[in-house]
Structure formats: C-alpha cells, structure tokens
1. Run through region A:206-245 and list the GluC sites (Glu not before Pro) located in a DSSP loop whose Cβ has at most 14 other Cβ atoms within 10 Å.
2. Express in whole angstrom the spacing between the alpha-carbon centres of region A:305-375 and region A:207-268.
3. Count the lysine pairs in chain A whose Cα atoms sit under 30 Å apart, keeping only pairs 8 or more residues apart in sequence or on different chains.
4. How much net charge surrounds B:Leu182 when only other residues with a Cβ under 12 Å from its Cβ are counted (Lys, Arg +1; Asp, Glu -1)?
5. Add -39500 (n - 2.57) for each DSSP H run of 4 or more in chain A, then divide by its residues: what number comes out at 222 nm, to the nearest 500 deg cm²/dmol?
6. What does the charge add up to near B:Leu51, with Lys and Arg as +1, Asp and Glu as -1, over the other residues with Cβ less than 15 Å from its Cβ?
7. Looking at the protein assembly as shown only, what percent of DSSP beta bridges run antiparallel? Nearest 5 please.
8. Taking the Cβ-Cβ separation of B:Asp53 and A:Glu357 as r and a Förster radius of 45 Å, what is the calculated FRET efficiency to the nearest 0.05?
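Just so it is clear, none of the values below were taken in a lab; they were calculated from the coordinates. From a predicted model like this one, the values you see are computed outputs, not experimental measurements. Because the Cβ atoms are built from the backbone with ideal geometry, glycine has one as well, and the counts that use them run over all protein chains shown.
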Amino acid sequence: MARRRTHKYVPLPAAAVALVLAATACGSGGGGDGSAADGLTVWIMQGTNPDETGFFEEANAAFTEETGVEVDVEFIPWQDAQNKISTAIAGGTTPDVVELGNTLTPGFADAGALHDLSGYDIDTDQYIPGLMEMGRLGDGVYGVPWYASIRSVVYRSDIFEEHGLEVPENWEELRETATALAEAEDGMIAFPVPGDAQYSVMPWIWGGGGEIAVEQPDGTWVSEIDTPEGRAGIEFFTGLALEDGTSTTGAVNWTEIEVMESIANEEAAMAILGSANPKAILESNPELEGRIDSFTLPGREEGYMPSFAGGSLLSVFEGTGNEEAAWQYVQHLTGDEFSMRWSEETGFFPGVTAKVEEFSESADPILGPFAVQLNEASRGVPVTPAWTQVEAEKLLVGMQQSILNGEASVDEATADTAAEIERILNGG
Amino acid sequence: MLLAPALTVIGLLLLFPLGRILWLSFRDFKLRNLMSGESDFIGLDNYVALLTDPYLWQVAMVNTVVFAVVAVLTTIVVGTLVALLLSTLSTVPRLVVVSCIMVAWAMPAVSGTYVWVWIFDVDNGVVAQALTSLGLLDPSGHNWFADRLFFYAIVTLNVVHGGFPFVAVTVLAGLLTVPAELHEAARIDGAGAWKRFWHVTFPVLRPVFAVVTVLSTIWDFKVFAQIYLMPGGDVGGSDMLNLGVWSYVRSFGHNDYGLGAAIAVLLTLLLLVVTVFYLRALFREDGLR
C-alpha cells in the first residue's frame, strides 16, 4: 500500500497518485485468487484514515488460521464507493463482505442487495444506537456497526500558543480566532471552508437550530435548511470564507482529503477533521508531533455544536453463496480483539457503546475532544433509504459550492437545495 | 459467407448492448430491479421525463453540442497544421516531432485530466502562479472550475491535446500521397500557400478529412473522464455535465437506470444524425472517391 507523502504544492495529484498506487498495490498483493470458491472478497473503504494494510494482513491471517478461509481485501476510495457497488451489482461481481458508510446502508438494504443478518444471534443493543439504527430496515438487520467516526476541529497548538490564542467556545470566538490567525500568519490558511465536504457543512445547519429534513406525521419529509435557523449556520460558515477571508479560493474544490493535506502540509492552522485524521496527518508529516491538538465544535452561543456521527457498518452481500463465511468474517472484525485494535490503529471509535469509554480512556489525549463530540453532540442524517440519492447527487456539495463561488446567495442556494431534498425524500 | 464471423462479433459486441440499452430505456429500472432482475414496461415515460427536463435543454445538450463543435474544429485545425509542418520536415526532425506528439496521444485520459486539473489548480497551480506573478490575477485566485466557460476551456485543451496527434498522423499519411506535380503546377499558376492547400491538398484529402472529422465528432460528443474527473464535473445539478456524464450520474448515482439509458439513446441518435449529415455534406460534390 502506498503511504501518503507530503507534497507541498500538489494536493490534487497527491491524492490521485495515492489512490492509483493503492489500487495497483492491492491488485498485485492479493494472491490465492485461484481458490475463489473457498475465499472471501472484502471491500474496505479508504480515504482520510491511516494506512490499514498491516492491520488487515494480521486480521486475515488470524481468520484464515481459525476457519481455513482465505480473505482478499480490496480498498475502495470513499468517493467511488456507491458507484462501484452499483456497478458490481449490475455486473454480478459483488464482494462477499462490504464496509458501508452508515448513510449508504439503508439504500442498499432497501434494494435487496444485502443479506438479512437478523437470523443470526446479534445483540443489537450493545452498539451505538445511532449507528445500529442505520443498519436496520423493517425487522431486518443489514449491517453491524464496526466503528464510529466523528468530526471536530484539529488545530495547530504551536501556532495558537505563539499568538496567545485560546480554544474558541462559541461561533463569535471562532470567527475572531480565525481572523486573528489569518492576520498573524501570512501565507497560511486560517480555517479552510471546503466545498466538496458535505459532513463539514452539516454541523452548521444543526448548530443554527435547523434539521436537514424532518419526517412529518403524515410520512412526508420537510427540509429545514432554508429556515432562518438553517440559514444562520450556512451563512456563518460560508461567511468565514467570503467575508472574513479565513479560507482560500481553491478550497471550493476541496474534499476532506485536501483539507487533511492542508494541515499535514502545514498550510492550514485549523480545520474540521475526523477522529482518524490526526494519526494519518502524523503518519504523513511526523514533524507535527506534539504541535497539533483538537477541540470540540463550539455551539452558536455556548456548549457544543452537533457534528455528523459517521461510521461504518459491515454488511454481507446477498446471493454470493458465501454468506455464512462472510458473516463469520464480520464477527471476526467486529469482535473484541480486532475492533479494539482497529480503533487503536486508526483513531476511529469502536461501534460497541461499552468499548467507546474503554477506548477513550486509554487513547491519545488528542482524541479526547472527539470523544466528547461523539458522546454529547452528534447527529445522523435522515433515516430513509432515499437519503442515498441525496448524497449521490451531491446536493449539499452543490449548495456549498454555489455559495462559495458567488453564484447564489445563501437564501437562493438553501431554498433550491431544500426543495431538491424534499423532492427526493418524498419519492419525486 | 466470409462476412459471417465478423458479423457475429459485431452483433455480440455492438448490437446486444445497444439493444439492451434501448430495452432498458422503456423500463422502470432502479437499484431494486437490478437485484431482482424484474422490471416494468413504462412506454415512453423515461423519454417524456427526459425531454421535458429543462436541465437537458439548458445545460446538458448545450454543453455537449457547443463543446463538440469547438473541440472538433480545434482538433482538426491543430492536427492539420501539425501535419503540414511534419510534411515539410526531413526524416530525422520528423521522427523527433512525431515521437513528441505520440507522447500526448499515449497519455491515458484519466492521468491527462489530473495533470490539467493540477496545472489549473486554483491555489498552487502553474497557471495561477504565473498569472499572479505577472500581476494579472488577484493573489486570492479565481476558481475557474466554477465558471462554465473556463471549465470547458480546460476540457477543450485537454481533449484537443489528446486528440490532435491522431488527426496529424492521419492527415500526414494523406499528404504524402498528394502528387508533387499538382503542387508544382499550382505554384506555376501563381497560387499561394493557402490557395494550394484549399484547391489542391484539401480536395485530394477529402476522404481523410471525412474520416478524422467523423471520428473526432464521435469522440468529442461522448467525452466522459475529462469532465467527470474535474472539480464539479460529478456534482448532480451542476452546470458542467454533458450528456454522457449526466447519463452516468442518473444511472449509477441516482440509480435510475431507465432514465440513464434514455439519455444514452438520445446521445446515440444525436451522433447518428450528425454523422449522416457530415458524410453527406463532405461527399455531396463529387461522390465517394
């Protein structure tokens, strides 16, 4: 597997090259494909988390020793996940086990692509409720929570200290901190406002007091993105870029990968990032050791602003003929030993509620604010199979980009997006 | 009889997918149907939805057609100019230049696109830095990927860069068959370079131009990677999609395979019409040579 390198001036190709190398490295590293009949194919998502090959080599070796079944893990970039899975279904080349982002699980479960696991003995109460909820559809269970990921703010503690800045505790302080950084650090991006990172947008909708969409008693969905509350957050977040100049023009095209690289390349001073990012940043730039820290997203006036509780479920594909072995592999990865090791190696939180606390206590102090975020201020997306389409059409991305590009006002963009979300969620 | 193997291959490789797309375009086909394999016939519903969608007429169709016209013209002109240059060179320099343009030809679309995106990177790209240091661009930069015209200008650069070598090499092959006496005679009659090209070279090479134009048109109508991989090129409602990318986004993003297939059928019909029109126009005067 290719390790991410520190490219000072080439953020986009860096990601591309990493992905290409990753794909080729995995292709040649598999081996043992001839015995496909008794082997499992597993798709694992890849994006802003640290290098995972070592973990899977050990986990798979342990599984093969225990069961005699060979496992071939393939890494899929997050942004290609949905298309690749749809294409695989069409071509009949689905893997046996797939890691699905919690927002994608209901859509594929609803389509009948995933094997119903409710027949097996699963204690669904032990998992983080918000994650488990995304794996359920009707009476069926279509995914088992593997890990939770949460986004807070990662910042350069050395730069904060140098300029005597404190961790902000509300929006206004965040704005003041960001503008102070922009003034004090010439040539540095104080607080990137990315255009292609929807989970960095969602907290502001919630923080202002809005909901992405609320189900009405009659079963229809109404979006609150275009309410005064929803708009307040979007206005504030995009305003940081457009009025306060804390971001950079190019950030309109940034995904979370580029945001992470901007911190790793020492180009940005603070940014909204996930709990697995600090480790990946230090892996790519060890010189930042001891110079980065994190804080929980501050609330509008006080307290904390909710952040998107992401995470992944492991699902078994329907109709592969290997469902039994695949389920064993899911249990293997979500079991005590390997779920804890996974968390320790990546910085993602375990999917089992009891383990979150155990992990938080032993983990790197930099993960503390993320644990607070997960426990006290986390939120999910609307639970409906149609949500998958909202993400596939990149509606929130389109909204954020049109505002940042100056093509639409906050009012126009939020009104359009709210209408589109309602159209899709209401089956239009 | 001798045609039978070829026809079988064509039938399997071309007609089956074509027929399948046509069949799909009359069906209500979503992710669920992909799993079950069963679907309902819904007549022309997909086509009605497609043709009444303002996005088709205001964005996708305009992007596809205007881009193809500009890109084909530019590719042919640049390719022909390079071919004319090559035809005047002696063996060794010609070999050097041909090798250089082969590199452009050999560049895979995906890598090529990432290189262009990198060149035009908003913050640190070569172009942005050059313009900034010349004082032509505000240091805060400009997001060209958000501007439809700029976006397609970059796509055009990318596609022309990848497409002109084919035209250059093909036209060069044609140029070498033009009898030198014709040029000599024209020169004696006092014809300048332009007149010699237009009245001697072009008529002789008409079939060559017909082939490269038709092929370039087909390629430029259906560019995909060069748009999809650009920032904003994969966002559902953005102004940047062409018919091909839109078809993909509808099919595999929105999981509406029926409508995606209808878009693909529309694109195919459009290409057929344009190709027939071209061939007739190019061969109208003196028939097939």
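1. Answer by residue number: A:Glu243.
2. Spelled out, the Cα-based centre of one part sits 26 Å from the other.
3. 6
4. Every neighbour counted, the sum reads -1.
5. My calculation for chain A gives -13000 deg cm²/dmol from helical runs alone.
6. Around B:Leu51, the charge tally is -1.
7. Restricted to the protein assembly as shown, the bridges split so that about 70 percent are antiparallel.
8. Between B:Asp53 and A:Glu357 the formula returns 0.30.
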